[in-house]
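Take a look at the structure set out below.
The values are calculated or read from the model by the stated rules, or taken from the named source; none is laboratory data. None of the values given here were measured: they were computed from a predicted structure. Glycine gets a Cβ as well: all are built from the backbone with ideal geometry, and neighbour counts include every protein chain shown. Accessible surface is based on the protein model in full, side chains and every heavy atom, while ligands, DNA and RNA are left aside. Shrake-Rupley method; radii C 1.70, N 1.55, O 1.52, S 1.80 Å.
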Amino acid sequence: MESSNWINGEWIVPTAGEMVVHSPSDVKQEVGVIHLSSVKDVLEAGRAARNALSVWASMIPSGRGDILFKAAALLEEQADDVARLASMEMGKPISEMKGEVIRGVNLLKYYAAEGVRAVGDVIPASQDKVLQYTKRAPLGVVGIITPWNFPVAIPIWKIAPALICGNTVVWKPAEVASLSATRVTRVFAEAGLPAGVLNLVVGQGSLVGNALIEQVDLDGISFTGSTKTGMHVASIAAKRNIKYQTEMGGKNAAVILDDADLTVTVPAVLSGAFRSAGQKCTATSRIIVEKSIEGAFRDKLRDELAKIYVGSALDPKSYLGPVASQAQYETVCSYVDLAHKEAQVAAEGELQVDPQRGYYVAPLVVEGVDAQHRLVQEEIFGPVAVLLEAHDFEEALSQCNDTVYGLSASVFTRDIRRGMRFLDETQAGMVRINLESAGVEYQAPFGGMKSSSSHSREQGQAALDFYSQTKTCAVYFG
Ligand code: NAD
(Lines give C-alpha, C1' and ligand atoms only; values in the text may rest on other atoms or scores of the structure.)
Protein backbone atom coordinates (compact mmCIF):
# COMPACT_ATOMS: atom_id res chain seq x y z
CA MET A 1 0.00 0.00 0.00
CA GLU A 2 1.25 3.49 -0.84
CA SER A 3 -0.19 6.76 0.37
CA SER A 4 -1.53 9.24 -2.13
CA ASN A 5 -3.06 12.69 -2.06
CA TRP A 6 -6.58 13.14 -3.39
CA ILE A 7 -6.89 16.66 -4.74
CA ASN A 8 -9.68 17.93 -6.98
CA GLY A 9 -10.86 14.36 -7.58
CA GLU A 10 -7.44 13.14 -8.74
CA TRP A 11 -5.08 10.71 -7.05
CA ILE A 12 -1.72 12.47 -7.05
CA VAL A 13 1.49 11.05 -5.55
CA PRO A 14 3.39 13.97 -4.00
CA THR A 15 7.15 14.09 -4.39
CA ALA A 16 8.49 16.04 -1.39
CA GLY A 17 9.83 12.90 0.31
CA GLU A 18 8.97 9.35 1.28
CA MET A 19 8.94 7.19 4.37
CA VAL A 20 8.70 3.41 4.60
CA VAL A 21 6.09 2.35 7.18
CA HIS A 22 7.06 -0.59 9.40
CA SER A 23 4.45 -2.36 11.47
CA PRO A 24 4.73 -1.42 15.16
CA SER A 25 3.77 -5.05 15.91
CA ASP A 26 6.71 -6.37 13.92
CA VAL A 27 9.25 -3.74 12.92
CA LYS A 28 10.76 -6.01 10.25
CA GLN A 29 7.46 -6.06 8.37
CA GLU A 30 6.90 -3.30 5.79
CA VAL A 31 3.30 -2.10 5.62
CA GLY A 32 3.74 0.46 2.86
CA VAL A 33 5.26 3.74 1.76
CA ILE A 34 4.13 7.27 2.61
CA HIS A 35 4.70 10.00 0.03
CA LEU A 36 5.06 13.41 1.62
CA SER A 37 3.55 16.63 0.29
CA SER A 38 4.99 20.12 -0.06
CA VAL A 39 3.37 23.44 0.81
CA LYS A 40 2.46 23.80 -2.87
CA ASP A 41 0.31 20.63 -2.64
CA VAL A 42 -1.72 21.87 0.31
CA LEU A 43 -2.27 25.26 -1.34
CA GLU A 44 -3.55 23.45 -4.43
CA ALA A 45 -5.89 21.39 -2.24
CA GLY A 46 -7.18 24.63 -0.70
CA ARG A 47 -7.91 26.07 -4.15
CA ALA A 48 -9.73 22.88 -5.18
CA ALA A 49 -11.89 23.02 -2.04
CA ARG A 50 -12.69 26.71 -2.67
CA ASN A 51 -13.66 26.04 -6.30
CA ALA A 52 -15.94 23.14 -5.33
CA LEU A 53 -17.68 25.05 -2.55
CA SER A 54 -20.54 26.85 -4.27
CA VAL A 55 -21.87 23.76 -6.07
CA TRP A 56 -21.58 21.52 -3.00
CA ALA A 57 -23.05 24.11 -0.62
CA SER A 58 -26.05 24.67 -2.87
CA MET A 59 -26.71 20.97 -3.50
CA ILE A 60 -29.94 19.69 -1.98
CA PRO A 61 -28.95 18.41 1.51
CA SER A 62 -30.56 14.99 0.99
CA GLY A 63 -28.32 14.62 -2.09
CA ARG A 64 -25.27 15.21 0.10
CA GLY A 65 -26.78 12.70 2.54
CA ASP A 66 -27.16 10.08 -0.21
CA ILE A 67 -23.42 10.23 -0.89
CA LEU A 68 -22.67 9.79 2.83
CA PHE A 69 -25.09 6.80 2.97
CA LYS A 70 -23.20 5.31 0.02
CA ALA A 71 -19.89 5.88 1.82
CA ALA A 72 -21.33 4.15 4.91
CA ALA A 73 -22.36 1.10 2.84
CA LEU A 74 -18.97 0.91 1.15
CA LEU A 75 -17.07 1.27 4.41
CA GLU A 76 -19.19 -1.50 5.93
CA GLU A 77 -18.43 -3.78 2.97
CA GLN A 78 -14.71 -3.00 3.22
CA ALA A 79 -14.53 -2.94 7.04
CA ASP A 80 -12.24 -5.96 7.42
CA ASP A 81 -9.76 -4.65 4.90
CA VAL A 82 -9.72 -1.11 6.34
CA ALA A 83 -9.38 -2.43 9.91
CA ARG A 84 -6.52 -4.75 8.98
CA LEU A 85 -4.53 -1.98 7.31
CA ALA A 86 -5.10 0.45 10.19
CA SER A 87 -4.13 -2.23 12.77
CA MET A 88 -0.96 -2.98 10.88
CA GLU A 89 -0.12 0.70 10.49
CA MET A 90 -0.65 1.94 14.06
CA GLY A 91 -0.87 -1.18 16.22
CA LYS A 92 -4.41 -1.08 17.60
CA PRO A 93 -5.63 -4.68 18.12
CA ILE A 94 -7.75 -5.90 15.25
CA SER A 95 -10.81 -6.63 17.41
CA GLU A 96 -10.86 -3.03 18.64
CA MET A 97 -10.01 -1.63 15.22
CA LYS A 98 -12.98 -3.41 13.65
CA GLY A 99 -15.20 -1.76 16.26
CA GLU A 100 -13.69 1.60 15.34
CA VAL A 101 -14.41 1.09 11.63
CA ILE A 102 -18.02 0.17 12.43
CA ARG A 103 -18.23 3.33 14.49
CA GLY A 104 -17.14 5.15 11.32
CA VAL A 105 -20.01 3.47 9.45
CA ASN A 106 -22.48 4.59 12.12
CA LEU A 107 -21.14 8.16 12.08
CA LEU A 108 -21.60 8.31 8.31
CA LYS A 109 -25.18 7.05 8.59
CA TYR A 110 -25.96 9.42 11.48
CA TYR A 111 -24.75 12.51 9.60
CA ALA A 112 -26.18 11.33 6.25
CA ALA A 113 -29.62 11.37 7.90
CA GLU A 114 -29.12 15.05 8.80
CA GLY A 115 -29.75 15.77 5.13
CA VAL A 116 -33.49 15.46 5.81
CA ARG A 117 -33.67 16.94 9.31
CA ALA A 118 -34.74 20.43 10.37
CA VAL A 119 -32.04 23.09 10.19
CA GLY A 120 -33.64 25.95 12.10
CA ASP A 121 -36.50 27.44 14.09
CA VAL A 122 -39.41 29.72 13.39
CA ILE A 123 -39.31 32.63 15.84
CA PRO A 124 -42.28 35.01 16.29
CA ALA A 125 -41.56 38.45 14.80
CA SER A 126 -42.60 41.71 16.52
CA GLN A 127 -44.15 43.06 13.30
CA ASP A 128 -47.34 41.73 11.71
CA LYS A 129 -47.04 39.69 8.49
CA VAL A 130 -43.36 38.90 9.04
CA LEU A 131 -42.02 35.36 9.01
CA GLN A 132 -38.81 35.15 11.01
CA TYR A 133 -36.77 31.96 11.00
CA THR A 134 -33.23 30.63 11.32
CA LYS A 135 -31.30 28.35 9.04
CA ARG A 136 -27.83 26.87 9.01
CA ALA A 137 -25.28 28.10 6.48
CA PRO A 138 -22.00 26.26 5.90
CA LEU A 139 -18.74 27.81 7.13
CA GLY A 140 -17.07 27.35 3.73
CA VAL A 141 -13.70 25.61 3.33
CA VAL A 142 -12.74 23.70 6.46
CA GLY A 143 -9.25 22.44 7.37
CA ILE A 144 -9.26 19.14 9.29
CA ILE A 145 -6.16 17.95 11.16
CA THR A 146 -6.30 14.54 12.84
CA PRO A 147 -4.13 12.39 15.15
CA TRP A 148 -3.13 8.76 14.64
CA ASN A 149 -4.81 7.09 17.59
CA PHE A 150 -8.28 6.74 16.01
CA PRO A 151 -7.22 6.69 12.36
CA VAL A 152 -10.73 5.97 11.04
CA ALA A 153 -13.29 7.26 13.56
CA ILE A 154 -11.84 10.72 14.31
CA PRO A 155 -11.46 11.75 10.65
CA ILE A 156 -15.01 10.56 9.94
CA TRP A 157 -16.50 12.29 12.98
CA LYS A 158 -15.12 15.55 11.53
CA ILE A 159 -15.49 15.00 7.76
CA ALA A 160 -19.09 13.63 7.79
CA PRO A 161 -20.69 16.56 9.67
CA ALA A 162 -18.55 19.06 7.74
CA LEU A 163 -19.81 17.64 4.43
CA ILE A 164 -23.48 17.32 5.35
CA CYS A 165 -23.48 20.98 6.43
CA GLY A 166 -22.28 21.93 2.92
CA ASN A 167 -18.60 22.64 3.62
CA THR A 168 -15.70 21.48 1.51
CA VAL A 169 -12.66 20.01 3.24
CA VAL A 170 -8.87 19.86 3.18
CA TRP A 171 -7.76 16.97 5.44
CA LYS A 172 -4.24 16.58 6.81
CA PRO A 173 -4.00 13.27 8.73
CA ALA A 174 -1.23 12.33 11.17
CA GLU A 175 1.92 11.00 9.52
CA VAL A 176 1.57 7.68 11.38
CA ALA A 177 -1.95 7.15 9.98
CA SER A 178 -1.38 8.25 6.37
CA LEU A 179 -1.98 4.83 4.77
CA SER A 180 -5.25 4.44 6.66
CA ALA A 181 -6.21 7.98 5.63
CA THR A 182 -5.61 7.16 1.96
CA ARG A 183 -7.76 4.02 2.37
CA VAL A 184 -10.61 5.95 4.05
CA THR A 185 -10.48 8.61 1.35
CA ARG A 186 -10.84 5.87 -1.29
CA VAL A 187 -14.21 5.04 0.27
CA PHE A 188 -15.38 8.66 -0.14
CA ALA A 189 -14.07 8.69 -3.72
CA GLU A 190 -15.92 5.46 -4.57
CA ALA A 191 -19.08 6.88 -3.01
CA GLY A 192 -19.10 9.55 -5.74
CA LEU A 193 -18.09 12.68 -3.86
CA PRO A 194 -17.65 15.43 -6.50
CA ALA A 195 -14.12 16.62 -7.30
CA GLY A 196 -12.64 19.05 -4.76
CA VAL A 197 -15.26 18.47 -2.02
CA LEU A 198 -12.84 16.43 0.08
CA ASN A 199 -9.10 16.81 -0.45
CA LEU A 200 -6.51 14.66 1.28
CA VAL A 201 -2.98 15.98 1.76
CA VAL A 202 -0.48 13.61 3.37
CA GLY A 203 2.55 15.19 4.99
CA GLN A 204 4.36 16.47 8.01
CA GLY A 205 2.46 18.50 10.59
CA SER A 206 5.19 21.07 11.04
CA LEU A 207 5.26 21.78 7.29
CA VAL A 208 2.00 20.82 5.59
CA GLY A 209 -0.22 21.08 8.69
CA ASN A 210 1.25 24.46 9.47
CA ALA A 211 0.79 25.70 5.92
CA LEU A 212 -2.82 24.51 6.05
CA ILE A 213 -3.62 26.63 9.09
CA GLU A 214 -1.48 29.64 8.15
CA GLN A 215 -1.69 29.93 4.38
CA VAL A 216 -4.73 28.12 2.96
CA ASP A 217 -7.85 30.25 2.42
CA LEU A 218 -9.92 28.63 5.20
CA ASP A 219 -13.19 29.48 6.95
CA GLY A 220 -12.84 26.92 9.75
CA ILE A 221 -10.35 24.55 11.36
CA SER A 222 -11.06 21.40 13.33
CA PHE A 223 -8.05 19.91 15.10
CA THR A 224 -7.53 16.89 17.33
CA GLY A 225 -4.12 16.15 18.80
CA SER A 226 -1.79 17.23 21.57
CA THR A 227 -2.45 20.31 23.69
CA LYS A 228 0.82 21.89 22.54
CA THR A 229 -0.07 21.72 18.83
CA GLY A 230 -3.71 22.55 19.53
CA MET A 231 -2.79 25.80 21.32
CA HIS A 232 -0.67 26.76 18.29
CA VAL A 233 -3.56 25.99 15.92
CA ALA A 234 -5.92 28.03 18.10
CA SER A 235 -3.61 31.05 18.21
CA ILE A 236 -3.27 31.15 14.42
CA ALA A 237 -7.02 30.65 13.91
CA ALA A 238 -7.80 33.44 16.40
CA LYS A 239 -5.41 35.82 14.58
CA ARG A 240 -7.10 34.99 11.26
CA ASN A 241 -10.57 35.21 12.87
CA ILE A 242 -11.41 31.73 11.60
CA LYS A 243 -13.84 29.56 13.56
CA TYR A 244 -11.88 26.75 15.20
CA GLN A 245 -12.19 23.80 17.51
CA THR A 246 -9.36 21.94 19.20
CA GLU A 247 -9.75 18.65 21.07
CA MET A 248 -6.53 17.90 22.92
CA GLY A 249 -4.85 15.93 25.68
CA GLY A 250 -6.13 14.39 28.92
CA LYS A 251 -5.03 13.04 32.29
CA ASN A 252 -8.22 11.23 33.14
CA ALA A 253 -9.06 9.83 36.55
CA ALA A 254 -11.00 6.81 37.73
CA VAL A 255 -12.13 7.41 41.33
CA ILE A 256 -12.87 4.29 43.36
CA LEU A 257 -14.94 4.85 46.48
CA ASP A 258 -15.06 2.47 49.46
CA ASP A 259 -18.43 0.97 48.43
CA ALA A 260 -17.43 0.23 44.82
CA ASP A 261 -18.34 -3.14 43.35
CA LEU A 262 -14.86 -4.39 42.44
CA THR A 263 -16.18 -6.96 39.99
CA VAL A 264 -17.44 -4.03 37.87
CA THR A 265 -14.67 -1.59 38.77
CA VAL A 266 -11.48 -3.52 38.06
CA PRO A 267 -12.36 -4.62 34.49
CA ALA A 268 -13.54 -1.07 33.71
CA VAL A 269 -10.34 0.47 35.08
CA LEU A 270 -8.15 -1.98 33.17
CA SER A 271 -10.06 -1.40 29.95
CA GLY A 272 -9.93 2.39 30.40
CA ALA A 273 -6.21 2.36 31.16
CA PHE A 274 -4.85 -0.29 28.80
CA ARG A 275 -7.02 -0.85 25.72
CA SER A 276 -5.34 0.73 22.69
CA ALA A 277 -2.17 0.58 24.82
CA GLY A 278 -3.39 3.61 26.78
CA GLN A 279 -3.29 5.76 23.64
CA LYS A 280 -6.78 7.20 23.93
CA CYS A 281 -7.28 10.84 24.87
CA THR A 282 -9.91 9.52 27.32
CA ALA A 283 -7.69 6.74 28.75
CA THR A 284 -7.60 6.32 32.53
CA SER A 285 -4.17 7.46 33.67
CA ARG A 286 -4.85 8.28 37.33
CA ILE A 287 -6.55 5.76 39.61
CA ILE A 288 -7.68 7.45 42.83
CA VAL A 289 -8.74 4.96 45.50
CA GLU A 290 -10.35 5.57 48.89
CA LYS A 291 -7.92 4.33 51.53
CA SER A 292 -10.19 1.73 53.14
CA ILE A 293 -10.65 -0.22 49.90
CA GLU A 294 -7.13 0.24 48.54
CA GLY A 295 -5.70 -3.16 49.56
CA ALA A 296 -8.63 -5.14 48.14
CA PHE A 297 -8.58 -3.08 44.95
CA ARG A 298 -4.82 -3.50 44.42
CA ASP A 299 -5.03 -7.29 44.96
CA LYS A 300 -7.82 -7.69 42.41
CA LEU A 301 -6.11 -5.34 39.96
CA ARG A 302 -2.91 -7.44 40.16
CA ASP A 303 -4.86 -10.67 39.59
CA GLU A 304 -6.75 -9.30 36.60
CA LEU A 305 -3.76 -7.51 35.06
CA ALA A 306 -1.81 -10.77 35.13
CA LYS A 307 -4.45 -12.28 32.78
CA ILE A 308 -4.16 -9.55 30.13
CA TYR A 309 -2.74 -10.66 26.80
CA VAL A 310 -0.26 -8.29 25.15
CA GLY A 311 0.51 -9.33 21.59
CA SER A 312 0.60 -8.40 17.95
CA ALA A 313 -2.20 -6.12 16.67
CA LEU A 314 -3.39 -8.81 14.26
CA ASP A 315 -3.60 -11.48 16.96
CA PRO A 316 -7.31 -11.66 17.86
CA LYS A 317 -6.36 -12.60 21.45
CA SER A 318 -4.55 -9.28 22.04
CA TYR A 319 -6.12 -7.05 24.69
CA LEU A 320 -3.47 -4.48 23.89
CA GLY A 321 -0.88 -4.35 21.16
CA PRO A 322 2.27 -2.28 20.74
CA VAL A 323 2.38 1.51 20.98
CA ALA A 324 2.05 3.16 17.59
CA SER A 325 5.54 4.24 16.56
CA GLN A 326 9.18 4.47 17.52
CA ALA A 327 8.67 8.05 18.75
CA GLN A 328 5.76 6.90 20.94
CA TYR A 329 7.84 3.97 22.21
CA GLU A 330 10.71 6.23 23.24
CA THR A 331 8.42 8.70 25.02
CA VAL A 332 6.46 5.99 26.86
CA CYS A 333 9.67 4.12 27.83
CA SER A 334 11.08 7.34 29.31
CA TYR A 335 8.05 7.48 31.64
CA VAL A 336 8.42 3.76 32.46
CA ASP A 337 12.07 4.43 33.42
CA LEU A 338 11.00 7.41 35.54
CA ALA A 339 8.35 5.25 37.21
CA HIS A 340 10.87 2.51 38.01
CA LYS A 341 13.24 5.13 39.50
CA GLU A 342 10.85 7.31 41.47
CA ALA A 343 7.73 5.21 42.16
CA GLN A 344 6.82 1.71 43.29
CA VAL A 345 5.17 -0.90 41.11
CA ALA A 346 1.58 -1.58 42.22
CA ALA A 347 0.80 -4.01 39.39
CA GLU A 348 2.49 -4.96 36.13
CA GLY A 349 1.42 -7.09 33.20
CA GLU A 350 3.50 -9.39 31.02
CA LEU A 351 4.19 -9.48 27.30
CA GLN A 352 3.10 -12.62 25.44
CA VAL A 353 5.30 -11.61 22.53
CA ASP A 354 9.04 -11.17 21.99
CA PRO A 355 9.67 -7.53 23.07
CA GLN A 356 12.33 -7.15 20.33
CA ARG A 357 9.70 -7.73 17.63
CA GLY A 358 7.96 -4.39 17.97
CA TYR A 359 7.12 -1.41 20.18
CA TYR A 360 5.68 -3.39 23.09
CA VAL A 361 5.31 -1.92 26.57
CA ALA A 362 4.00 -4.07 29.45
CA PRO A 363 1.00 -2.47 31.17
CA LEU A 364 2.09 -0.82 34.40
CA VAL A 365 0.40 0.70 37.47
CA VAL A 366 2.68 2.56 39.87
CA GLU A 367 2.19 4.25 43.24
CA GLY A 368 4.06 6.12 45.95
CA VAL A 369 4.45 9.52 44.26
CA ASP A 370 2.98 12.83 45.39
CA ALA A 371 0.17 14.68 43.63
CA GLN A 372 2.47 17.09 41.75
CA HIS A 373 4.82 14.40 40.41
CA ARG A 374 5.29 14.32 36.61
CA LEU A 375 3.70 10.85 36.46
CA VAL A 376 0.54 12.32 37.99
CA GLN A 377 0.45 15.58 36.03
CA GLU A 378 1.77 14.84 32.51
CA GLU A 379 -0.09 13.00 29.78
CA ILE A 380 1.91 9.79 29.14
CA PHE A 381 -0.29 8.40 26.34
CA GLY A 382 0.82 4.82 26.89
CA PRO A 383 -0.07 1.80 29.08
CA VAL A 384 1.08 3.43 32.32
CA ALA A 385 -1.27 4.53 35.12
CA VAL A 386 -0.60 5.91 38.57
CA LEU A 387 -2.44 4.87 41.73
CA LEU A 388 -3.19 7.59 44.30
CA GLU A 389 -4.70 7.21 47.75
CA ALA A 390 -7.50 9.46 49.06
CA HIS A 391 -8.67 9.58 52.68
CA ASP A 392 -12.27 10.30 51.75
CA PHE A 393 -14.61 11.36 48.95
CA GLU A 394 -13.76 15.07 49.32
CA GLU A 395 -10.05 14.42 48.90
CA ALA A 396 -10.70 12.08 45.95
CA LEU A 397 -12.76 14.77 44.23
CA SER A 398 -10.12 17.42 44.78
CA GLN A 399 -7.36 15.10 43.48
CA CYS A 400 -9.49 14.30 40.45
CA ASN A 401 -9.73 18.02 39.61
CA ASP A 402 -6.04 18.73 40.37
CA THR A 403 -4.91 18.76 36.73
CA VAL A 404 -4.75 21.25 33.89
CA TYR A 405 -6.74 18.78 31.78
CA GLY A 406 -10.49 18.10 31.87
CA LEU A 407 -11.47 15.50 29.31
CA SER A 408 -13.05 12.53 31.11
CA ALA A 409 -13.50 11.16 34.63
CA SER A 410 -15.25 8.16 36.18
CA VAL A 411 -16.39 7.31 39.68
CA PHE A 412 -17.07 3.79 40.96
CA THR A 413 -19.59 3.64 43.79
CA ARG A 414 -22.95 2.17 44.80
CA ASP A 415 -23.90 5.46 46.50
CA ILE A 416 -26.02 7.47 44.08
CA ARG A 417 -25.66 10.66 46.16
CA ARG A 418 -21.86 10.68 46.00
CA GLY A 419 -22.03 9.58 42.37
CA MET A 420 -24.28 12.49 41.42
CA ARG A 421 -22.10 14.97 43.33
CA PHE A 422 -19.13 13.63 41.35
CA LEU A 423 -20.94 14.28 38.06
CA ASP A 424 -21.73 17.84 39.20
CA GLU A 425 -18.37 18.79 40.69
CA THR A 426 -15.85 17.12 38.38
CA GLN A 427 -14.19 19.51 35.96
CA ALA A 428 -14.35 17.25 32.90
CA GLY A 429 -16.44 17.16 29.74
CA MET A 430 -17.21 13.41 29.89
CA VAL A 431 -18.20 12.19 33.38
CA ARG A 432 -19.47 8.72 34.21
CA ILE A 433 -20.60 6.48 37.09
CA ASN A 434 -19.52 2.81 37.14
CA LEU A 435 -18.29 3.03 33.52
CA GLU A 436 -14.78 3.30 32.14
CA SER A 437 -13.40 6.77 31.40
CA ALA A 438 -12.77 5.92 27.74
CA GLY A 439 -16.35 5.35 26.56
CA VAL A 440 -17.61 7.60 23.78
CA GLU A 441 -20.84 7.38 21.76
CA TYR A 442 -21.09 8.93 18.29
CA GLN A 443 -24.61 10.29 18.91
CA ALA A 444 -23.61 12.20 22.09
CA PRO A 445 -21.52 15.37 22.35
CA PHE A 446 -17.85 14.75 23.00
CA GLY A 447 -15.17 17.11 24.29
CA GLY A 448 -13.23 18.40 27.26
CA MET A 449 -12.96 21.25 29.72
CA LYS A 450 -9.88 23.26 30.77
CA SER A 451 -6.75 22.59 28.64
CA SER A 452 -8.34 19.56 26.94
CA SER A 453 -10.43 21.54 24.51
CA SER A 454 -11.42 24.85 22.95
CA HIS A 455 -14.68 24.24 24.88
CA SER A 456 -16.56 23.32 21.74
CA ARG A 457 -17.96 19.81 21.25
CA GLU A 458 -17.74 17.19 18.53
CA GLN A 459 -20.04 14.33 17.44
CA GLY A 460 -23.80 14.15 17.97
CA GLN A 461 -25.75 17.30 17.16
CA ALA A 462 -22.93 19.45 18.58
CA ALA A 463 -20.83 18.85 15.46
CA LEU A 464 -23.52 20.51 13.32
CA ASP A 465 -23.20 23.64 15.45
CA PHE A 466 -19.49 23.80 14.76
CA TYR A 467 -19.63 23.15 11.01
CA SER A 468 -22.37 25.70 10.34
CA GLN A 469 -23.29 29.26 11.18
CA THR A 470 -26.78 30.51 11.93
CA LYS A 471 -28.54 32.94 9.62
CA THR A 472 -31.63 34.73 10.94
CA CYS A 473 -34.01 35.41 8.06
CA ALA A 474 -37.09 37.69 7.98
CA VAL A 475 -39.73 37.96 5.23
CA TYR A 476 -42.45 40.65 5.08
CA PHE A 477 -45.44 39.38 3.13
CA GLY A 478 -48.06 42.05 3.93
P1 NAD B 1 0.04 15.91 17.58
O2 NAD B 1 -0.40 17.20 18.18
O3 NAD B 1 1.49 15.63 17.53
O4 NAD B 1 -0.44 15.82 16.06
C5 NAD B 1 -1.80 15.95 15.73
C6 NAD B 1 -1.90 16.42 14.28
O7 NAD B 1 -1.37 17.74 14.19
C8 NAD B 1 -1.10 15.55 13.30
O9 NAD B 1 -1.81 15.44 12.09
C10 NAD B 1 0.15 16.38 13.09
O11 NAD B 1 0.79 16.12 11.87
C12 NAD B 1 -0.41 17.79 13.13
N13 NAD B 1 0.55 18.84 13.43
C14 NAD B 1 1.71 18.75 14.13
N15 NAD B 1 2.32 19.97 14.18
C16 NAD B 1 1.52 20.84 13.52
C17 NAD B 1 1.59 22.24 13.26
N18 NAD B 1 2.61 22.98 13.66
N19 NAD B 1 0.58 22.80 12.57
C20 NAD B 1 -0.49 22.08 12.16
N21 NAD B 1 -0.60 20.74 12.37
C22 NAD B 1 0.39 20.13 13.05
O23 NAD B 1 -0.76 14.75 18.31
P24 NAD B 1 -0.67 13.17 18.06
O25 NAD B 1 0.61 12.68 18.65
O26 NAD B 1 -0.97 12.86 16.64
O27 NAD B 1 -1.89 12.62 18.91
C28 NAD B 1 -1.83 12.37 20.28
C29 NAD B 1 -2.48 13.48 21.05
O30 NAD B 1 -3.81 13.66 20.58
C31 NAD B 1 -2.61 13.19 22.53
O32 NAD B 1 -2.27 14.35 23.25
C33 NAD B 1 -4.09 12.88 22.70
O34 NAD B 1 -4.60 13.12 23.98
C35 NAD B 1 -4.69 13.77 21.68
N36 NAD B 1 -6.03 13.31 21.29
C37 NAD B 1 -7.10 14.03 21.73
C38 NAD B 1 -8.38 13.61 21.41
C39 NAD B 1 -9.58 14.40 21.86
O40 NAD B 1 -10.63 14.25 21.25
N41 NAD B 1 -9.48 15.21 22.89
C42 NAD B 1 -8.57 12.45 20.65
C43 NAD B 1 -7.46 11.75 20.23
C44 NAD B 1 -6.18 12.19 20.55
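Numbers at a glance
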item	result
Average silhouette area of the range 219-309, convex hull of alpha-carbon atoms, in square nanometres	7.6 nm²
Area of Thr472 that stays accessible when all protein chains are in place (1.4 Å probe, Å², to 10)	100 Å²
Exposed-site-free run, longest, the chain (rule: GluC sites (Glu not before Pro); DSSP loop; at most 14 other C-beta within 10 Å)	1-349
Added length on full extension, which subtracts the Cα-Cα distance from 0.36 nm per residue, Glu350 to Glu304	15.4 nm
Within the chain: Cβ-based charge dipole about Cα centre, in debye rounded to nearest 20 (Lys, Arg +1; Asp, Glu -1)	1500 debye
Simple Cβ-charge dipole of the range 264-372, Lys/Arg +1 and Asp/Glu -1, about Cα centre, in debye nearest 20	320 debye
Evaluated at q = 0.13, 0.14, 0.23 Å⁻¹: base-10 log I(q)/I(0), Debye formula over Cα of the range 358-459	-0.53, -0.62, -1.41
Residue-averaged 222 nm ellipticity for the chain, from DSSP H runs of 4+ at -39500 (n - 2.57), nearest 500	-12000 deg cm²/dmol
Sparsely packed trypsin sites (Lys or Arg not before Pro) within the range 274-309, loop by DSSP, other Cβ within 10 Å at most 11	Lys307
Pairs from Lys280/Lys317; Lys251/Lys280; Lys92/Lys341; Lys40/Lys172 whose Cα-Cα separation, in the structure shown, is over 22 Å	Lys92/Lys341
Net +/- balance of residues flanking Gly272 in space, Cβ distance below 10 Å, scoring K and R +1, D and E -1	+2
Whole-percent carbon and sulfur share, accessible surface of the chain, 1.4 Å	51 percent
Net dipole in debye of the range 252-441 [+1 Lys, Arg Cβ; -1 Asp, Glu Cβ; about Cα centre; nearest 20]	520 debye
Lys/Arg +1, Asp/Glu -1 at C-beta; the range 356-464 dipole; positive extreme among Ala444, Gln356, Gly429	Ala444
Efficiency of FRET between Ser334 and Lys28 - r from beta-carbon atoms, R0 22 angstrom, step 0.05	0.35
Kirkwood estimate for the range 44-163, i.e. one over the average of 1/r between Cα atoms, Å	16.5 Å
P(r) weight above 40 Å for the chain, C-alpha pairs, percent	22 percent
Selection from Phe297, Ala347, Val201 lying farthest towards where the dipole of the chain points positive, charges on Cβ	Val201
Segment Ser58-Lys471, extension gain: residue separation times 0.36 nm, minus the distance between their alpha carbons	147.2 nm
Where Val116, Val269 fall by accessible area, highest first, once all protein chains stay in place (1.4 Å)	Val116, Val269
Within the range 124-226, trypsin sites (Lys or Arg not before Pro) in DSSP loop having at most 14 other beta-carbon neighbours inside 10 Å	Lys129
Distance in nm between pseudo-label sites at Val264 and Glu10 (7 Å out along the Cβ direction from Cα)	5.8 nm
Nearby aspartates and glutamates by direct alpha-carbon distance to Lys70 (threshold 18 angstrom, same-chain neighbours under 8 apart not counted)	Asp80, Asp81, Glu114, Glu190
Length gained when the stretch Asp66-Ala371 is fully extended (0.36 nm per residue, less Cα-Cα span)	104.6 nm
Positive-end residue of Ile12, Trp148, Ile60, charge dipole of the range 1-148 with Cβ unit charges	Ile60
Residues in the range 254-276 that a label on Ser292 would reach, taking backbone N under 13 Å of a point 7 Å out along Cα→Cβ	257-260
Under 19 Å from the Cα of Lys291 - lysines, other chains or at least 8 residues apart	Lys300
Amide proton proximity set for Ile256, modelled H, under 5 Å, gap of 5+	Ile288, Val289, Glu290, Phe412
Rh by Kirkwood over Cα pairs, then Stokes-Einstein D for the range 234-374 at 0.692 mPa s and 37 °C, µm²/s	196 µm²/s
Amide N of the range 449-478 lying under 14 Å from the label point, which is placed 7 angstrom from the Cα of Val130 along Cα→Cβ	472-478
